[in-house]
There are 4 protein chains.
Amino acid sequence: MSEPLVLTLSCADRPGITARVSSFLFERGGNILEAQQFNDRTSDAFFMRVEFDPGEVSREAIRSDFVALAEEYGMDWKLALRDRPRRVLIMVSKFDHCLADLLYRWRIGEMPMEPVAILSNHPREAIEHTHLGDIPFHHLPITRETKSEQEAQVRELAERYDAELVVLARYMQILSDEQAAHFAGRCINIHHSFLPGFKGAKPYHQAYERGVKMIGASAHYVTTDLDEGPIIHQAAEPISHADTPDELVRKGREIESRVLAEAVRLHLEERVLLNGQRTVVFRS
Amino acid sequence: MSEPLVLTLSCADRPGITARVSSFLFERGGNILEAQQFNDRTSDAFFMRVEFDPGEVSREAIRSDFVALAEEYGMDWKLALRDRPRRVLIMVSKFDHCLADLLYRWRIGEMPMEPVAILSNHPREAIEHTHLGDIPFHHLPITRETKSEQEAQVRELAERYDAELVVLARYMQILSDEQAAHFAGRCINIHHSFLPGFKGAKPYHQAYERGVKMIGASAHYVTTDLDEGPIIHQAAEPISHADTPDELVRKGREIESRVLAEAVRLHLEERVLLNGQRTVVFRS
Amino acid sequence: MSEPLVLTLSCADRPGITARVSSFLFERGGNILEAQQFNDRTSDAFFMRVEFDPGEVSREAIRSDFVALAEEYGMDWKLALRDRPRRVLIMVSKFDHCLADLLYRWRIGEMPMEPVAILSNHPREAIEHTHLGDIPFHHLPITRETKSEQEAQVRELAERYDAELVVLARYMQILSDEQAAHFAGRCINIHHSFLPGFKGAKPYHQAYERGVKMIGASAHYVTTDLDEGPIIHQAAEPISHADTPDELVRKGREIESRVLAEAVRLHLEERVLLNGQRTVVFRS
Amino acid sequence: MSEPLVLTLSCADRPGITARVSSFLFERGGNILEAQQFNDRTSDAFFMRVEFDPGEVSREAIRSDFVALAEEYGMDWKLALRDRPRRVLIMVSKFDHCLADLLYRWRIGEMPMEPVAILSNHPREAIEHTHLGDIPFHHLPITRETKSEQEAQVRELAERYDAELVVLARYMQILSDEQAAHFAGRCINIHHSFLPGFKGAKPYHQAYERGVKMIGASAHYVTTDLDEGPIIHQAAEPISHADTPDELVRKGREIESRVLAEAVRLHLEERVLLNGQRTVVFRS
């Protein structure tokens, strides 16, 4: 088997797309390993993800051949190596449970990424409980006055490391609109509430005050609209009246880690496609 | 065994309340069957629920004896027969899944209520799919102009039927502040979203637009603050990008029925105590 | 739009199946509305489900055209009207919560079935709490001596009513091997445990004795191997030490109803394909 | 506030126990912070857990005073410092995800333990992905021939380290009956299935073969009866036909870590009481 590829595409829905795409692959000797499609009848949009073994044909040949088909249908599309670990830049503040969880999953081989660098507005010593190993760490302190400058450094580092994805793993700074726009579609944040409930700061305290009976977490793409970006994954767990805000924080850590890791994995496996303000998520 | 009683109380927390209450019961020959307490360290309030077999002593004797103790501690309290079905008035509009579910549970003996009447702003024929049997049904149409009058009728019927609880089982009318205040603490509504997300109208359409990955339902006491009353129970289920608003409505029906039934059962068993804008829920 | 069709198929996996099938449909003017496929790399089997608008071409034309393609690939396949309610025969004993739930879902239009008859080993009066309406009811009492005869009656009725699916909605009789074989692939049972735990009788009492912390239910195709048939759907909920067997029965009713309804819906929508002792379930 | 204490007790149920125990504490100036009780009406047993601030009285005074009361009721009881981290010995084989999770929770202060030592049948180098820090590590290889001797070493180390709890964090060796008996009530194992389903080896492969639609994990006290000890906590998650055994292993890691951590926390907080082959779990 050659190195498997993954093709993702979206376009206006028209009859025959599946036939055309699957025939395209078959004629070139491709063998489909996994395929999903979604016909959004609300917006008449079409979404597809195909994992395939390209056989004898090179990725470049497939790519250049596919251009004509993609143009015919007006597709947004991407052809990627399925198994190449994606280059990920992780940003974190003081709470490192999501970071620790992502790195552990990476180390045991279940998270298909290469963590190219860790950026924090706190010094390395603040990340006490996570084994960072050889991953480059950059301390980029931030104040109201230096925010613009710090964000420029982040962009510069993301470029230098050729980062494909930026993960805000409980990075407790709000990105400027400029920064959010710069990383649009390639920056995932974990919000520690069940969005759209409890946007903004201290969601567990908000949840306690409101007296809800479940808490949750939401992983979403960052947009200029705070806590409003397309949601990739969410989960929630029951709580009780006896749970203090501190207990909620404890229970929340577990949900946050789990939800962020799942969202990152789905993104890295090219399973998440944007559909306006929503996402299409092709689980296996 | 005599007929079991259930004592619920709340007051400012002070040392010795458990001792005093349990000794009070023991000295009168009471035997505790189930007991829970909650010391709210945030508000320094104390909550207790005790199911007990009163032995030889009458409920009236216990009640009059307890007054002194309750006054000493400044308790809000209630002493009730555990197994007497509570008189419940159910209000419904066109969607009758919650009503059907509540009545089925009642008929097989798992919902400790006596449904004294069903009120609807639609005629009896609109409730097509639920077997109403002999339960009195009142059609109380409502328009903007007649709202005040209709609500007076509801109050009058609640009084006539001596209803202890009013259940809004997908009753699609917003109660006036006056009405909400009148039924404070004895009126449960099911909201078809995971509050505080998607308050107000058409929550499933809101959920679809926002692209959330879970939907839920919330049962809460009705207050003058719309969709802001103390929450009794909530649940949520995963959804996917492929779920249209219609699919969400279908999946939601199941969650709504379940959440409302659980909240009503908890209330009827005297397991829900108010704690400001929150609830204390003593599950067995 | 013509009446949508649903094509389901399975065969040994080979390159090009998706291309061939989707091109087949496209060439005949079919427009795919929803499609899923599964390449089982463990068994090298291929499974596909396609909902499509056939456009101008008749179902019969598509069917006869498809034969050659199906033979070429050695497919098991089925071409059905998507929206035609399937003819369902429901069997029940004394506990009617699953029956009540199925009928309510049918009445409000969310369960795509036509309940052709209800069969019970108890008389109609035993089904106290469910509105049976005009659905034919047959009382088929059973004893050890008459079992064979009663089962013949069931087969005869299933044939007379042209039932496409038999649902054992808490039918508390074990089918003989002969009967199970007769209805293979078209008989769904709800078992009130989280299989393979607690097979056989009184699973909630078994669960209580064992002290598990969750209970569940399993909907599966009936096979000659008791409680071992291919599982379609399962769910489980947390319980506590305070739950008596009676409480487990109460909590279980809800899970059973939900799990059976979901399995039946999935089957009726042609979303369940057999894969040896397992199932492939194509959710939308 | 003095150092809070936690009293746990169980005995045959009799009227007045709550009154006697709470009065006992009140008379000595104790102030209850959290209390739960369970009257098991099946076995007529009584269970209680009380967290309290002892005020001016010493733990030793309370303990010696309580003896008479405990004897009168024939109680099994324990009086412990609530906040003293318990001494925990962790055993592990090659898979270290549960170990990593426990240690991370400990390091951030949410797991009230002191990990006194880690024992493994594999060398330290095999635990590649977990930061062990200064925690003593003992490599105790085991073969069929040396099993008895290795287990003696384990007992000796447990004694030397004064371990209060032994956690089998995916320790892939079956304890001998002797060993299981030795650590009865103070040894928790995580089994990677939803017991009682899939006992024994390779539960995820068993789950795949059987085609279940959910997988789970069970944390239980170790007894001489393999995978039959009293269950403390369980959880389960949905899976699909597309999940290979490898995928189940990945999904299972998360459930295992979570379930074991919760069970260990509950035990360390003295929230788990044995009730024959079952457990009483007093969550806050």
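The values are calculated or read from the model by the stated rules, or taken from the named source; none is laboratory data. Remember, it's a predicted structure, so these values are computed and weren't measured experimentally. So basically every Cβ, Gly included, is an ideal-geometry build from the backbone, and we count neighbours across all protein chains shown. To get the accessible areas, we keep the full protein, side chains included, count just its heavy atoms, and leave off ligands, DNA and RNA. Shrake-Rupley method; radii C 1.70, N 1.55, O 1.52, S 1.80 Å.
Within the range B:161-171, does at least one residue satisfy the condition of being loosely packed, with under 14 Cβ neighbours inside 10 Å and within 19 Å of residue B:200 (Cα to Cα)? The answer is no, given that none of the residues of the range B:161-171 is loosely packed, with under 14 Cβ neighbours inside 10 Å and within 19 Å of residue B:200 (Cα to Cα).
Residue count for the range A:60-109 under the criterion of being of a type in the set (Ser, Thr, Tyr) and touching a strand residue (DSSP E or B) at 6+ places or on another chain (Cβ under 6 Å): the result is 1.
For residue A:21, the criteria (1) among the aliphatic types (A, V, I, L, M); (2) open to solvent by less than 10 Å² (accessible area, probe 1.4 Å); (3) in a strand (DSSP E or B) hold in every case but one, which is (3). Scanning the range D:46-61 for residues that are open to solvent by less than 10 Å² (accessible area, probe 1.4 Å) and assigned to a helix (DSSP H, G or I) returns no hits. Here the helices (runs of 4 or more DSSP H) wholly within the range D:72-188 that include at least 3 residues being over 24 Å from residue A:127 (Cα atoms) are D:147-160, D:177-182.
The single condition among (1) farther than 28 Å from residue D:268 by Cα; (2) open to solvent by 10 Å² or more (accessible area, probe 1.4 Å); (3) touching a residue at least 12 places away in the same chain (Cβ under 8 Å) that residue D:226 does not satisfy is (1).
Looking only at residues in the range B:189-202 that are in contact (Cβ under 8 Å) with a residue 40 or more places away in the chain and assigned to a loop (DSSP other than H, G, I, E, B), the one that is nearest to residue B:213 (Cα to Cα) is B:194. Checked against the criterion of being under 29 Å from residue D:279 (Cα atoms), open to solvent by 40 Å² or more (accessible area, probe 1.4 Å), away from chain D (no Cβ under 13 Å) and among the acidic types (Asp, Glu), the range C:264-275 has no qualifying residue.
Quick one: residue B:237 ticks every box in (1) touching a strand residue (DSSP E or B) at 6+ places or on another chain (Cβ under 7 Å); (2) acidic (Asp, Glu); (3) over 17 Å from residue C:237 (Cα atoms) except a single one, so which number is it? All conditions pass for residue B:237, except number (3).
State whether the residues of the range B:102-110 include one that is farther than 30 Å from residue B:33 by Cα and aliphatic (A, V, I, L, M). No, the conditions are met nowhere in the range B:102-110.
For the range D:62-74, indicate whether the set of residues that are away from every other protein chain (no Cβ under 11 Å), open to solvent by 60 Å² or more (accessible area, probe 1.4 Å), farther than 18 Å from residue B:23 by Cα and among the polar types (S, T, N, Q) is non-empty. Looking for residues that are away from every other protein chain (no Cβ under 11 Å), open to solvent by 60 Å² or more (accessible area, probe 1.4 Å), farther than 18 Å from residue B:23 by Cα and among the polar types (S, T, N, Q), one finds at least one in the range D:62-74, hence yes. Tally the residues that are more than 13 Å from chain C (Cβ to nearest Cβ), open to solvent by 60 Å² or more (accessible area, probe 1.4 Å) and more than 18 Å from residue D:277 (Cβ to Cβ), restricting the search to the range D:174-223. Residues that pass the stated criteria total 5. Among the residues of the range B:236-249, not one is crowded, with 19+ Cβ neighbours inside 10 Å and free of Cβ contacts under 8 Å to residues at least 24 places away in the same chain. One residue is enough: does the range C:3-11 have a residue meeting the conditions open to solvent by less than 10 Å² (accessible area, probe 1.4 Å), closer than 24 Å to residue C:158 by Cβ, touching a residue at least 60 places away in the same chain (Cβ under 8 Å) and in contact with a strand residue (DSSP E or B) (Cβ under 9 Å, 6 or more places away or on another chain)? Scanning the range C:3-11 turns up at least one residue that is open to solvent by less than 10 Å² (accessible area, probe 1.4 Å), closer than 24 Å to residue C:158 by Cβ, touching a residue at least 60 places away in the same chain (Cβ under 8 Å) and in contact with a strand residue (DSSP E or B) (Cβ under 9 Å, 6 or more places away or on another chain). Here residue A:244 passes the criteria (1) within 8 Å of chain B (Cβ to nearest Cβ); (2) in contact with a strand residue (DSSP E or B) (Cβ under 8 Å, 6 or more places away or on another chain); (3) within 24 Å of residue B:281 (Cβ to Cβ); (4) modelled with pLDDT of 95 or more except the one numbered (2).
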